Amino acid sequence: MENIIVACPHCKALNKLPKKESYKKAVCGVCKGNLLDNQPIHINSAEEFNKIINSVTIPVIIDFWAVWCGPCQMFAPAFESVAKNYPLKANFLKVNTEEVPQIAAQFGIRSIPTITALKNAKEIDRVTGALPETQFDMWVKRIINS
């Protein structure tokens, strides 16, 4: 049976699970948190970021943002809400460009918010600007199904 590797939204630990269409229950092997409670993972370092993007086998959706950015603050609830719709289908990361500028530089982020999608640690799509929640949800769905 094929497996997937996902990052825990609670403790950031990597978890290997059998790949299924849907899950009734999935618990982190480290913190025992519910892996179905999908929420954005706040990235604090380049090491943490690289560990996740180079290990997970599901798409990674990244929100590059900053505290002082009004559109970023407006988009944050949509990012969080859409993340809840895709447990074990995508990991959602929040990268504060002020706290970890080297990640923003690595991706050539010029304006925020910028949302990027990665598969197998490679960027496959990017959107700049705060999207309405329904439009963002459709974009994520397309990424997951591609």
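Residues that are touching a residue at least 60 places away in the same chain (Cβ under 8 Å), aliphatic (A, V, I, L, M) and in a helix (DSSP H, G or I) within segment 47-82 comprise just one, Ile53. Asn38 falls short on exactly one of the conditions (1) more than 14 Å from Leu118 (Cβ to Cβ); (2) under 10 Å from the mean Cα position of the chain (by Cα); (3) in a strand (DSSP E or B), and that condition is (3). I need the full set of residues from segment 1-35 which are of a type in the set (A, V, I, L, M), in a loop (DSSP other than H, G, I, E, B) and touching a helix residue (DSSP H, G or I) at 6+ places or on another chain (Cβ under 7 Å), in order please. The answer is none; no residue qualifies.
Answer yes if at least one residue in segment 43-51 is surrounded by 14 or more Cβ atoms within 10 Å (Cβ to Cβ), hydrophobic (A, V, I, L, M, F, W, C) and more than 29 Å from Asn3 (Cα to Cα), and no otherwise. Looking for residues that are surrounded by 14 or more Cβ atoms within 10 Å (Cβ to Cβ), hydrophobic (A, V, I, L, M, F, W, C) and more than 29 Å from Asn3 (Cα to Cα), one finds none in segment 43-51, hence no. With respect to being at pLDDT below 95 and under 28 Å from Ala26 (Cα atoms), Ser81 falls outside the description.
The condition of being among the charged types (D, E, K, R) and modelled with pLDDT of 95 or more does not hold for Lys20. Pairs linking a residue in segment 122-141 that is without any contact (Cβ under 8 Å) to a residue 40 or more places away in the chain to a residue that is among the β-branched types (Val, Ile, Thr) and surrounded by 13 or more Cβ atoms within 10 Å (Cβ to Cβ), with Cβ atoms under 6 Å and 6 or more positions apart or on different chains, are Glu123/Thr116; Arg126/Thr116; Val127/Ile115; Thr128/Thr114.
A quick yes/no check of all residues on (1) buried (at least 18 other Cβ atoms within 10 Å of the Cβ); (2) over 28 Å from Pro18 (Cβ atoms); (3) among the β-branched types (Val, Ile, Thr); (4) more than 12 Å from the chain's Cα centre (by Cα):
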site: Tyr86; (1), (2), (3), (4): yes, no, no, no
site: Val100; (1), (2), (3), (4): yes, yes, yes, yes
site: Gly108; (1), (2), (3), (4): no, yes, no, yes
site: Asp125; (1), (2), (3), (4): no, no, no, yes
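The values are calculated or read from the model by the stated rules, or taken from the named source; none is laboratory data. Given the structure is predicted, the values throughout are model-derived calculations rather than measurements. Every residue, glycine as well, gets a Cβ built from its backbone with ideal geometry; the counts of neighbours run over all protein chains shown.
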